[in-house]
Each structure stands twice: as C-alpha cells, then as structure tokens.
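Taking it in order: structure first as structure tokens, then the write-up.
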Amino acid sequence: MVQAVVGANWGDEGKGKITDMLAEKADIVIRFQGGANAGHTIVNDYGKFALHTLPSGVFYSHITNIIGNGVALNIPTLVGEIKSIVDRGVPEPKILVSDRAQIVMSYHILLDQYEEERLGGKSFGSTKSGIAPFYSDKYAKIGFQVSELFDDEILEEKAGRVCELKNVMIEHLYHKPALSKENILKELRHYRDLIAPYVCDVSSFLHQALKEGKQILLEGQLGSLKDPDHGIYPMVTSSSTLAAYGAIGAGIPPYEIKRIVTVCKAYSSAVGAGAFVSEIFGDEAEELRRRGGDGGEYGATTGRPRRVGWFDCVASSYGCRLQGTTEVAFTVLDVLGYLDEIPVCVAYEIDGEQTTEFPTTPKLNRAKPVIEKLPGWKTEIRGIRKYEDLPENCRNYIEFVEKRIGFPITMISNGPGRKDIIYR
Ligand code: GDP
C-alpha cells in the first residue's frame, strides 16, 4: 500500500513529525519532489534533527529511504546529511537514489544567487539553493541525470553545451566569472564517486516492493499553495507539491496511492514572499511566532523568521482538496492554549464580495480576511492522549475547522514528539 504525507498550506505544517510517526510501520519512505531548500524538523530518541534532503525514515533501521527521480538532488548536501546523523549516533541508514534523479550543480546555486541579487527588492524570496535554475534546466533538457554520471561521452558533450548557454547570461546579464567546462566535469566526476554506492533503478525496485505488499510512504515537501500550477504563482516552488506528483516523482502507478494524509497546522505560517490573507503583524504576530512550532516559527533551513497568521479555512480547504486528502492531521494545536479567543479566517472579501473559494493570484492579492472568533481553552493540552480528554473549547475548535475544510481530521498533534498524538 502507498500512502502520502503532504502539506495543505505554505509548508512547515509539521509533515516531518507525521512522516516520522507513520514511518514506524512503513518499509520504504520516498522523497518525490523538491530539494534541499526546505527542511523538516524531527524530534525523536536520538535528539532534534533538521533534515533537508534525507527522507524522514532514516531514523528507523528497518526502512529503505529513497530519493526519487522528481527530487532536485544536491549530492554534497545528501552525503553531508548522512554523515551528520551518523555522527550523532543514528545507525547508518539504508538509502537508494534514483538513477533518473537530476543533479543540482554548483552553478545552479550561483545562478540563483545572481538572479536574487539582480532582482533586489523584487525577488521571489528564494532560499538560493539553486532549485529554480535546476528545474528550469531539467525541462530545458540541459540537466544532468544521475545515470549520465557514468557515461563520460555524454558528460563531455553536455558540459560544453551548458557552458555555451550559461556563460551568455553569466557574462552579459550578471557580469560574473564565466563557467569552465573543465570545472564542471571535475564537479561531475566528484559527484559520481560520492553517489555511486546509492544508485538504483527505483521504479523497478518499487514495482517489486508493491508486488510483495510492502508499505510505502511518500513524503511531500512544502504544501499545496506552493505548487507551481495550483499555488500562489509566481511565489511558488519549482516542482509539484501535490500527492499526485508522488506517482511521477517516485515512479509508481497513480492508483497505488490509497491514503493521502494532508497536514494542516492549527494556525498559519509561511516563509518567503507571496499572498497570505490571514497574516498578522506586530506584537500579536511576535507572540505567536515566539510560541509557535517547537521553539518558535523560524525556518528549518534558513533560520528566517516565518510570517504567521490565523488558521485560514479558505486556503486550507482548497489545499486539502487539491491534495486529494483522505484524512487530515491537525498539528501544533498545543501552541494556541494561551489565547482567550482564537481568530479564524472563514472567508475572503474580494472587491466587496465574500467567497470561500480560493482565487487565482491577482484576486488573491486583493483579498481581505473575514474573521470569526472562537473561545480559547486557556490550558496546556500537551500530554493528553484521548480526544475526549481535550477541553471542550479545544474540541469545538477542531470540529469547527473540520467542518469548514470539509475533510476528516483523524490525527491531532499536541506536541513535537512522536508520542504527542491523538487518534480520533
Ligand atoms: P514540515 O516542513 O512540514 O515538516 O514542518 P517543520 O518541521 O519545518 O515545522 C514544524 C515545526 O513544528 C517543527 O519544529 C516541529 O518539531 C514542530 N511540531 C510539529 N508538530 C508539533 C506539535 O503538535 N506541537 C508543537 N508545539 N510543535 C510541533
């Protein structure tokens, strides 16, 4: 059986924790899109970890962790991350990398930086990890696939082509030092040595695993609103964040994905620029940011303070719908225990009209939140394990949200640890 854990919003919903929890019963955990530009935070018996590239199953020795073909593979980051967890006492994880995954090159990272510099204040808030230039090259068919690392003739020819094309921009638009073919080839050979032990025909491996009835977990990065097609374009990421893409980014039939757990946080947060209708500011925001997540709402990869706001029923309902949600995991609920009243964005007002449909970006930029306030519960709910034991106002909040988003909330996370979960 294949299940997916994905995000309903802008990312940072707590997918890492839910994946880590569900991974216990999985045989295989797969990353199917994105790169090292975002991170998951996982708290377990080994400590607290921020993973950027490794699948969240790496803490269990029974799991095979896979980097699927849809991922932007940063080889030094991957190798560094494996070393960093092993150095902290985690047993050497089982890792396979798709021979069809493509490679983030050092020039992708440079081009990302140059472009952000050039755009100045009008930048997209890129994390400068080379993800956008990487995916552009993949679809322009000048990317390097892992399989190509083992064919010198292809590398030689392509490295030349890359230099010709990139150097026009690098010299004439960015006025930076040109790329050299020799350096690109050196980099590729170095990557070949690093990645060789992990390379695998992943779709064939998964085909066999499915025949054997193995439990497979697809791990999404970011959330629906960052999807390049269905998200807040152009303030989106460069690969699809939707569960459906799991089939493509891993190489499995779409009908095998039976369970789609969409993670929603009990309030909103976002990193980077872009429309965020229920965003709050000032002291109110500072307090939520400080109390949020596990030690504050600051990016796992970048350390940037996250933008925060109230729960957005319009965005979350849309986000869940696009994922094909079969159930919702509602996370970080414990954080809201300090509030007398909890504001919730229940609709948008656009050009004088109210709507609960999530609009395209030009309209979204004009949307104002319609807020309803629910009574708070004013107690610590961490440690509670049964739904009935939650304070009444807390249950009311969950049920209110559930009704508005239109998908069943079956898991409630009330703390960062593996055991802080209530099944319903
Ligand atoms: P992801 O990218 O969706 O995996 O999200 P992140 O891991 O970047 O952000 C979620 C943050 O919230 C992490 O610091 C988690 O440890 C923390 N977290 C997850 N679930 C809960 C929860 O139920 N309560 C609290 N307080 N923190 C949580």
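The values are calculated or read from the model by the stated rules, or taken from the named source; none is laboratory data. Note that the structure is predicted; figures quoted are calculated from it, not measured. Cβ sites come from the backbone with ideal geometry, for glycine too, and all protein chains shown count toward neighbours. Side chains included, ligands, DNA and RNA excluded: accessible areas come from the protein's heavy atoms. Shrake-Rupley method; radii C 1.70, N 1.55, O 1.52, S 1.80 Å.
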*Looking at 269, 316, which is the one that is of a type in the set (Ser, Thr, Tyr) and either within 13 Å of the ligand (Cβ to nearest atom) or part of a strand (DSSP E or B) (or both)?*
269
*segment 272-303 - residue that is in a loop (DSSP other than H, G, I, E, B) and over 20 Å from the mean Cα position of the chain (by Cα) and, of those, surrounded by the fewest Cβ atoms within 10 Å (Cβ to Cβ)*: 281
*Within the set of pairs 6 or more residues apart or between chains, which connect a residue that is small (Gly, Ala, Ser) inside segment 97-122 to a residue that is buried (at least 19 other Cβ atoms within 10 Å of the Cβ) and modelled with pLDDT under 95 with Cβ atoms less than 9 Å apart?*
106/130
*Which one is nearest to the ligand (Cβ to nearest atom), of the residues in segment 411-424 that are open to solvent by 20 Å² or more (accessible area, probe 1.4 Å) and under 21 Å from the mean Cα position of the chain (by Cα)?*
416
*Taking segment 389-401 as the region of interest, how many residues are more than 15 Å from the ligand (Cβ to nearest atom) and in a loop (DSSP other than H, G, I, E, B)?*
1
*asked:* If a residue counts only when it is open to solvent by 40 Å² or more (accessible area, probe 1.4 Å), which strands (runs of 3 or more DSSP E) contained entirely in segment 1-110 have at least 2 such residues?
replied: 40-44, 47-51
*Among the numbered criteria (1) open to solvent by 90 Å² or more (accessible area, probe 1.4 Å); (2) under 30 Å from residue 68 (Cβ atoms), which single criterion is violated by residue 177?*
(2)
_Count of residues meeting criterion [touching a helix residue (DSSP H, G or I) at 6+ places or on another chain (Cβ under 9 Å) and away from the ligand (no atom under 13 Å from the Cβ)] in segment 371-388_ = 9
*For residue 219, which of the numbered conditions (1) out of contact with any helix residue (DSSP H, G or I) (no Cβ under 8 Å at 6 or more places or on another chain); (2) surrounded by 19 or more Cβ atoms within 10 Å (Cβ to Cβ); (3) outside any loop (DSSP other than H, G, I, E, B); (4) of a type outside the set (A, V, I, L, M, F, W, C) fails to hold?*
(1)
_Residue that is modelled with pLDDT of 90 or more, farther than 19 Å from residue 236 by Cα and more than 16 Å from the ligand (Cβ to nearest atom), where the choices are 63, 85_ = 63
*When segment 230-266 is examined, which residues are found to be closer than 18 Å to residue 361 by Cα and either open to solvent by 30 Å² or more (accessible area, probe 1.4 Å) or outside any loop (DSSP other than H, G, I, E, B) (or both)?*
230, 233, 234, 235, 236, 238
*Within segment 237-266, count every residue that is farther than 18 Å from residue 100 by Cβ, more than 16 Å from the ligand (Cβ to nearest atom) and touching a Gly at 6+ places or on another chain (Cβ under 8 Å).*
2
*Look through 404, 321 and report the one residue that is of a type outside the set (Ser, Thr, Tyr), within 16 Å of residue 223 (Cβ to Cβ) and either more than 14 Å from the ligand (Cβ to nearest atom) or touching a residue at least 60 places away in the same chain (Cβ under 8 Å) (or both).*
321
